[in-house]
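Worksheet: the structure to be examined is printed underneath.
The values are calculated or read from the model by the stated rules, or taken from the named source; none is laboratory data. Keep in mind that this is a model prediction, so the values were computed, not measured. Methodologically, a virtual Cβ is constructed for each residue, glycine included, from the backbone with ideal geometry; neighbour enumeration extends over all protein chains shown.
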Amino acid sequence: MYKKSAFAGIIFGCLIVFFASELQEFFKTSSSSMFVVFGLGIPLYFIMSVNRGIFQGKEKLVSLSVTYQAEMISRLVITLAFLYFLQIESSLLISLGILASFVCGLIPFDFKNISWKSNNLLSKSQGKLVRNFFIITAFYELTQIIINNSDILLVKHYFESFDAGLYASLALIGRVVYFIAWMFVMLLLPTVVKQKKEGKSTVPILLKYVTYIAGIAAVIILGCVLFPTQIITILFGESYLAVTPLLWKYALATGIFALSNIFAYYYLSLDKYIPVVLSGLFGMLQILLVVFFHENLAQVVHVQIIAMVLLLLVQLGFFFYENRFRTLHFD
């Protein structure tokens, strides 16, 4: 897995470096060098992700949390240090900070058990299962990237820098729901797989996590409804108050997506891939809606709510269809 991830990372990294100028033009950035630096970091990111997947599968949650904290804290500290000590373009400094954080995100990393040569080859049937799971998981992660980031990229493309900056601040706050939900998603897969191997029902686990995420999302959305001005002012300043009316709406869209994401990840754990495909289709729908409806920032948020509500309804429909002859309970 490390060998294949490194190879894939090198390919994608080279593509980003090769098309750096085109990416600069599309996203209206001041320089293409930031994409070159980012491309160099892609192989490290892929290896870091496999390392985290091993910790997740083995339920080494302390090590898993350390890798995330090491990446995020180092990104903050190193980027601020670069901005303070180096007098070069800010976008390049930020990309250098991201590259450095990928290195720190490899901590902890067990080098002793790494072998670039396969000593114990899988059987053909096992290899096929692993390959299929890898492909569908890659597709699933792609849908997450699309749904999570396409709106920001499209706003960056269609709107002026000032409006794009307002929207980026809005998205950053609204994403709190998603990232809190992801904490539970990381625990879901190994737990469901373990229950399935033991012949136990996995539905109660799903319902429990859905309840957790729905409760957390409701609290955050309510906070955005009651205290939008205070939240925006504290985090970004009064210059960003123009997006105050959209804060709870973006949090609502993100919260609905987080709930839908739980169902997709749950069925991915059970080797059922239809919800993953549905997630990808509605990710494409979100892109199309933003492409055709972007008169203002409010419209961009509204079409995302529509897409995410439809996705959740479809995921719920699939869930109830799969469990139509079962009695659902939380025990």
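Some notes on this structure:
- Test result for S279, in contact (Cβ under 8 Å) with a residue 40 or more places away in the chain and of a type in the set (S, T, N, Q): yes
- Wholly within the range 18-102, helices (runs of 4 or more DSSP H) carrying at least 3 residues that are modelled with pLDDT of 85 or more and farther than 29 Å from V155 by Cβ: 33-57, 61-85
- Scan of the range 104-122 for residues that are modelled with pLDDT of 75 or more and of a type in the set (S, T, N, Q), ordered by number: none
- Lone qualifier among Y140, Y84, Y158 - being of a type outside the set (G, A, S) and in contact with a helix residue (DSSP H, G or I) (Cβ under 7 Å, 6 or more places away or on another chain): Y140
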